[in-house]
Amino acid sequence: MGAAYETINFKAEACDGCNDCMTACVQAKAQSDDHLRSRIQIVPSGDGFELAICRQCGDPECVLNCPAGALAKNAGSGVIDWDGSKCVNCLLCTVGCAYGGIVYDALSSHVIKCDMCDGAPACVKACATGALKHVTTARIYNEVGNLEDLFVPGLSGCQGCNTELIMRHTLRRIGPDVVVATPPGCIPGMGSVGYNGLTGTKVPVFHPLLTNTASMLAGVRRQYKRSGRDVMAVALAGDGGTADVGFQSLSGAAERGEEILYICVDNEGYMNTGMQRSGCTPYGAWTSTTPVGERAHGKTQDAKNLPLLMVMHNCGYVATASTAYMEDLYEKLDRAIQAARTGFAYLHIYSPCTTGWRFPSDQNIEVARKAVETNFVLLWEFNPKDGLHLTHPADNARPIDEYLQVLGKYRHLDPDQIAHIERTLANNLNRIRGFAAAKGTSSAAAGHA
Amino acid sequence: MQHTHYLIVGASHAALSALHAIRLHDAEQEVTLLTRDDSLPYSPTVLPYVVSGRSDPGRVFLRDENYFTQHKVNYLRGAKVRKVNAGQNAVELADGSEIGFDKLLLATGAAPMLPSIPGLAGMKFHVLRTLADALALREALPRIKRAVVLGGGLIGMHAAENLAKGGVEVSVVEVQSHVLAGYFDAEASAMIEKVFAANGVRLLTGARVASFAPQGEGCRATLADGTELDADLLLVATGVAPVTDFLAGSGIATGRGVLVDEHMRTNIANIWAAGDVAQARGFFTHDRIINGILPDAVDQGRIAGMAMAEDPGTKNYAGGVPLNTYSFFGQHAVSVGVHEGALEQAGVEVKKQVDAEQNHYLKIVLKDSRLAGIFGVNAAFDPGIMWELILRAIDLGDEKLAFLRSPQDTARALMSKNWR
């Protein structure tokens, strides 16, 4: 498998042309303030700004054009390295680059190009608007890509299913020393628990009732522990099975501090059985049991804040995550795996549903991203010692319309309903900020111990 | 007889680019690369720097053994092709052995053209096309005080500069009225000439050598106007031409070079040609041209390699655009596209910014609001972006005035919008 590399991402719409990135670059690379010598170039374009920088191409033409062997793509970092001791200043590399990424610098009398500052780009650090981003998800690909996928190929999820992505990522990271519980829902429904006498999972898996997932898992973990084996007990459950009918056993297991990693895959309803509403379905949403017609206009109650309920159980670890923010998801997954060795860990992962929410199947990650960018979904984590803190900034949220408009299940909303949703989101945010401000208390610390 | 699926003759930019493209699509089938040299692959472009000592001849190689091992390439050195037997799908090497192929790429490049000047044939002189040529020149350097360079093209000018930096008194004799006539007009060339003169290089333009005569280890050149130049060393750099004589009788169609179509395929279905040996369509002309420049060799090689590997992403060759970069005595000149003289005059606009004092020159040629050529001496713009603007025939539209005023920033913004 080839390697993936870190990149610098540019969001033209967020750039305000302050040029701080260029200042940071020339200061770091040339101890100068002359923007002409910056290896990142912001250029005005109409009302906005565009970018010229080395793309660290996968199939770089500058390297093929170099007659002196002075340019080479570094297989480790992915950076196109320039070797001044071999360069003959012929400038043919600049002919090969269609991005203005390698240019002649008259003052140093040779070409200059971005070298990613050895993995900590100065330009990105200097960017206050978020237009520049250092994308490091390649780390996940390189590290996790070589681990075995613990589900078989060809699960029968819907096209563009986010839940399948979550299942494959999480189990790959957790590894094969595991017993998985998948209560009724999309996860067993797409074949992970078995069909025709075969399972779609390469590790032991069982299919509890909706009601007893956490209690069965607790027993399995205790039995393995008694026999001296360190086997992870993991639940991959939907939001219905978690928030509604399975909540009693979940609450009990969390209260007792059972050593379980419980992953709730939240697609905001009972999607497997025909898109019925659940306790996690948001206000206003269309489902088959909260229809839209002459009188009814979708769900009339707000969703439960399930992860916050789990915080109130004082679990060893609680976090919310989104597949649009994979680095964040992996960090939380690692902490949850660690916490489940000594106590109850709960991970709540939002999973937009192409079929049930009615949006094009190629838009899943974008929908997930918009949910976070509009604060519809808040990303945070909790442990009893440090309390709760947001892991994705909730300031400068984008207007909620940008999220609601892309989903068919909200197509009918009237202004009053949208106002209701805005109030709910504001309340959620205030509540989470309140918890974040409170930090860990002494009783919580005692609970952790 | 040895047999290989892909046979590539040549080991410079076109050949290596084709090899790269083949291996991106076909990791398995056998590839054999032949070079007449006894070394790893290198570029002719680096040779003037080997002469001057700036480049260590042991570190100029474009690939190492490890690359060939990793990519399962059979790299054969000292393998000069004497004959192509297209009917039998085989080539014959100078030692008489044969290699069979399913698909053949000719990337054999060009060789120095020697002018027919009385006295030259029987004399000792240098050329600069192979690593052996460069090492011979470098070896001669400490013993010489005066050199004559015949030809003021890129190779001659590079060599003249590097000889001058080595402490040699250099005279360049160029038939045309100014140097680098293939790329720059008289005004831009004059700026380049000025820098050479300031660095002690004597440039004799519009001058023809009438005869050569040996003189000790060196020679005496007598010009048409009677001027006599004595030199310890003569370097002939009057241009290069594709080497096609070994194709005689092969059935492969040749003009000045090997004639190829938009996929670099010759008239024979399983034989391709790319780089300096190929004669392919021009971007501004419909005639097939020799566009012997490195970036075009890379392009042609890639297209040929993709076509040979039957890569479904193979694109048609857009046509050769003349372009080059040239750095000299710490200054630089860049030429992309064609001058106004090469275009039909309707719709042509030319804008020049010249500052003779600063040795700054910029000329932009537009045709119907689209870039046709841009030429600079010590002017900042991105040649790669300009080349793409030409190939994509991007209508500058409302950006035209901005482009003429500030081509670098405007082109970068256009790139960022159009390439996205």
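Structure above, values below:
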{"quantity": "Lys, Arg +1 and Asp, Glu -1 on Cβ, resulting dipole of the protein assembly as shown about Cα centre, debye, nearest 20", "calculated": "1420 debye"}
{"quantity": "Virtual spin-label span in nm between A:Ser108 and A:Glu13, 7 Å along Cα→Cβ", "calculated": "3.5 nm"}
{"quantity": "Those lysines that a straight Cα-Cα span of less than 16 Å connects to A:Lys113, excepting residues fewer than 8 apart in one chain", "calculated": "A:Lys29, A:Lys73, A:Lys86"}
{"quantity": "Label point at A:Arg358 placed 7 Å out along Cα→Cβ; residues across the range A:387-412 whose backbone nitrogen lies under 11 Å", "calculated": "A:407-412"}
{"quantity": "Proximal lysines relative to A:Lys332, as straight alpha-carbon distance under 29 Å, when same-chain residues fewer than 8 apart are discounted", "calculated": "A:Lys11, A:Lys125, A:Lys133, A:Lys202, A:Lys225, A:Lys304, A:Lys370, A:Lys385, A:Lys439"}
{"quantity": "Global form of the range B:239-278, assessed from the alpha-carbon gyration tensor, a/c cut-off 1.5", "calculated": "oblate"}
{"quantity": "Cα gyration tensor category, rounded, prolate or oblate, for chain B with a/c compared to 1.5", "calculated": "oblate"}
{"quantity": "Amide N proximity, the range A:327-370 versus A:Asn142 label position 7 Å along Cα-to-Cβ, cut-off under 18 Å", "calculated": "A:327-328, A:330-331"}
{"quantity": "Cross-link partners of B:Lys352 among lysines (Cα-Cα below 16 Å; sequence separation of 8 or more within a chain)", "calculated": "B:Lys363, B:Lys367, B:Lys400"}
{"quantity": "Gain upon complete extension [A:Lys125, A:Asp149; 0.36 nm per residue less C-alpha separation]", "calculated": "5.1 nm"}
{"quantity": "For the range A:20-79, fraction of C-alpha pairs farther apart than 20 Å, in %", "calculated": "46 percent"}
{"quantity": "Peptide B:289-302 - average C-beta neighbours from other chains (10 Å radius)", "calculated": "3"}
{"quantity": "Farthest toward positive dipole pole in the protein assembly as shown [+1 Lys/Arg, -1 Asp/Glu at C-beta], among B:Ser406, B:Pro44, A:Ile40", "calculated": "A:Ile40"}
{"quantity": "Distant alpha-carbon pairs in the range B:165-318 (separation over 24 angstrom), percent", "calculated": "53 percent"}
{"quantity": "Distance (nanometres) between label positions extended 7 Å along Cα→Cβ at A:Thr342 and A:Ala437", "calculated": "3.1 nm"}
{"quantity": "A:Thr289 paired with B:Leu135, simple spin-label distance in nm, labels 7 Å along Cα-to-beta-carbon", "calculated": "8.4 nm"}
{"quantity": "Kirkwood hydrodynamic radius over Cα pairs of the protein assembly as shown, then Stokes diffusion coefficient at 4 °C and 1.567 mPa s, in µm²/s", "calculated": "41 µm²/s"}
{"quantity": "Whether the range B:17-91 is rounded, prolate or oblate, judged on the alpha carbon gyration tensor where a/c under 1.5 counts as rounded", "calculated": "oblate"}
{"quantity": "Burial order of peptide ranges B:218-229, A:101-112, B:374-385, A:162-173 (average beta-carbon count within 10 Å, highest first)", "calculated": "B:374-385, A:162-173, A:101-112, B:218-229"}
{"quantity": "Volume per residue of the C-alpha convex hull in the range A:79-191, rounded to whole Å³", "calculated": "216 Å³"}
{"quantity": "Shielding by other protein chains, B:43-56, mean Cβ within 10 Å", "calculated": "4"}
{"quantity": "Average partner coverage of B:410-418, which counts Cβ from other chains inside 10 Å", "calculated": "6"}
{"quantity": "Span per principal axis, largest first, for the Cα atoms of the range B:54-193 (Å)", "calculated": "51, 34, 33"}
{"quantity": "Ordering of B:252-265, B:147-160 by burial proxy (mean other Cβ atoms within 10 Å per residue, highest first)", "calculated": "B:147-160, B:252-265"}
{"quantity": "Distribution of pairwise C-alpha distances over the range B:262-415, 5 Å bins, in %", "calculated": "2, 9, 17, 19, 17, 14, 11, 6, 3, 1, 0, 0"}
{"quantity": "Order by protection proxy (mean Cβ within 10 Å, highest first), peptides B:53-59, A:282-288, B:327-333, A:350-356", "calculated": "A:350-356, A:282-288, B:327-333, B:53-59"}
{"quantity": "Interatomic Cα distance distribution for chain A, bins of 10 angstrom, percent", "calculated": "4, 18, 25, 22, 16, 10, 4, 0"}
{"quantity": "Computed [θ] at 222 nm, helices only, for the protein assembly as shown once each DSSP H run of length n ≥ 4 contributes -39500 (n - 2.57)", "calculated": "-8500 deg cm²/dmol"}
{"quantity": "Per DSSP, loop trypsin sites (Lys or Arg not before Pro) in the range A:214-317 with at most 12 further Cβ within 10 Å", "calculated": "A:Arg229, A:Arg295"}
{"quantity": "Residues listed by number, the range B:258-281, amide nitrogen under 16 Å from B:Asp102 label point at 7 Å toward C-beta", "calculated": "B:269-272"}
{"quantity": "Cβ-based charge dipole, the protein assembly as shown, positive-most Cα from B:Gly216, B:Thr4, A:Gly194", "calculated": "A:Gly194"}
{"quantity": "Student exercise, the range A:291-449 dipole from Lys, Arg, Asp, Glu Cβ charges, in Debye to nearest 20", "calculated": "460 debye"}
{"quantity": "Area projected by the alpha carbon convex hull of the range A:174-330, averaged over all directions, nm²", "calculated": "10.6 nm²"}
{"quantity": "Degrees between helix A:415-438 axis and first principal axis of chain A (Cα, 0 to 90, nearest 10)", "calculated": "80 degrees"}
{"quantity": "Sites A:Ala3 and B:Glu169 - FRET efficiency at Förster radius 56 Å, r taken between beta-carbons, to 0.05", "calculated": "0.60"}
{"quantity": "Residue among B:Gly257, A:Ala437, A:Cys87 farthest towards the positive dipole end of the protein assembly as shown, charges placed on Cβ", "calculated": "A:Ala437"}
{"quantity": "Chain lengthening between A:Asp177 and A:Glu327 when straightened (0.36 nm per residue, less Cα-Cα)", "calculated": "51.7 nm"}
{"quantity": "Cα convex hull of the range B:171-259, projected area averaged across orientations, nm²", "calculated": "8.4 nm²"}
{"quantity": "Kirkwood Rh in Å, taken over all unlike Cα pairs in the range A:308-449", "calculated": "16.2 Å"}
{"quantity": "DSSP-defined antiparallel bridges as percent of all bridges, the range B:1-147, nearest 5", "calculated": "30 percent"}
{"quantity": "Square roots of 5 times each gyration tensor eigenvalue, C-alpha, the range B:327-420, largest first, Å", "calculated": "21, 16, 12"}
{"quantity": "Computed magnitude of the charge dipole of the range A:250-331 (debye, nearest 20; Cβ of K, R +1, Cβ of D, E -1)", "calculated": "480 debye"}
{"quantity": "Estimated FRET transfer efficiency when R0 is 56 angstrom, pair B:Leu114-A:Asn430 (beta carbons, to 0.05)", "calculated": "0.05"}
{"quantity": "With Cα atoms, 0 to 90° folded angle of helix A:364-373 axis to chain A main axis", "calculated": "90 degrees"}
{"quantity": "Sorted by Cβ neighbour density within 10 Å, fewest at the top, the residues A:Glu422, B:Glu28", "calculated": "B:Glu28, A:Glu422"}
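Just so you know, all these numbers are worked out from the coordinates, no wet-lab data involved. Owing to the predicted nature of the structure, the values given are computational and were not obtained by experimental measurement. No Cβ is skipped: glycine too gets one built from the backbone with ideal geometry, and neighbour counts run over all protein chains shown.
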